[in-house]
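These notes concern the structure reproduced below.
The values are calculated or read from the model by the stated rules, or taken from the named source; none is laboratory data. Treat the numbers as computed from the prediction; the structure is a model and nothing was measured. Glycine gets a Cβ as well: all are built from the backbone with ideal geometry, and neighbour counts include every protein chain shown. Surface accessibility is based on the protein's heavy atoms, side chains included, excluding ligands, DNA and RNA. Shrake-Rupley method; radii C 1.70, N 1.55, O 1.52, S 1.80 Å.
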Amino acid sequence: MYPNIDVRYYTDAGTLKYDIIVRPGGNVNDIALLYDGVDKLEVKNKELVIGTSVGEVKELYPYSYQLQKDTRQSLDCKYSVTGNLVRFKI
């Protein structure tokens, strides 16, 4: 996706999901997701709400962690929306 940043797509209970994996040397500030063809993007209750011509789609709040000695250390992560561009604030 970007230098030292990968994306993994998968399904869980019939729902498409993705993980963005930032490896050493990667910069989370490089990540920018462009939503083309949507009517509106906004954050409500930490969720990304995507307005389309057929209704709204919600993405759950971003879950972020850092591995430290094989232990997951949760990080505060939020969506940041500018027009139709979504970034992550950690």
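Scale the Cα Rg of the chain by the rule-of-thumb value 2.2 N^0.38 Å and send over the ratio, two decimals.
Its radius of gyration relative to the 2.2 N^0.38 Å reference: 1.16.
Between ASN45 and LEU85, what length comes free when the chain is fully extended (0.36 nm per residue of separation minus the Cα-Cα distance, one decimal in nm)?
Full extension from ASN45 to LEU85 adds 12.5 nm.
So how strong a dipole does the chain carry about its Cα centre when Lys and Arg Cβ are +1 and Asp and Glu Cβ are -1, to the nearest 20 debye?
That gives a dipole near 280 debye.
Provide the solvent-accessible area of SER74, counting protein heavy atoms only and rolling a 1.4 Å probe, rounded to the nearest 10 Å².
The value for SER74 is about 70 Å².
Let me check against my output: what whole-number percent is the relative contact order of the chain, with C-alpha pairs under 8 Å and at least 6 apart?
22
So, R0 is 22 Å and r is the distance between the beta-carbons of THR71 and ASN4; what FRET efficiency does that work out to, to 0.05?
Plugging the Cβ-Cβ distance into 1/(1 + (r/R0)^6) gives 0.50.
Which trypsin sites (Lys or Arg not before Pro) does the stretch 19-59 hold that lie in a coil by DSSP with at most 13 other beta carbons within 10 Å? The partial results should precede the final answer.
Values: sites: LYS40, LYS44, LYS46, LYS58; in loops: LYS46.
Of the trypsin sites (Lys or Arg not before Pro), the ones in loops of the stretch 19-59 whose Cβ has at most 13 other Cβ atoms within 10 Å are LYS46.
Would you be so kind as to identify which of GLN73, LEU33, VAL86 lies farthest towards the positive end of the dipole of the chain, taking Lys and Arg as +1 and Asp and Glu as -1 on Cβ and the Cα centre as origin?
With unit charges placed on the Cβ atoms, the residue in question is GLN73.
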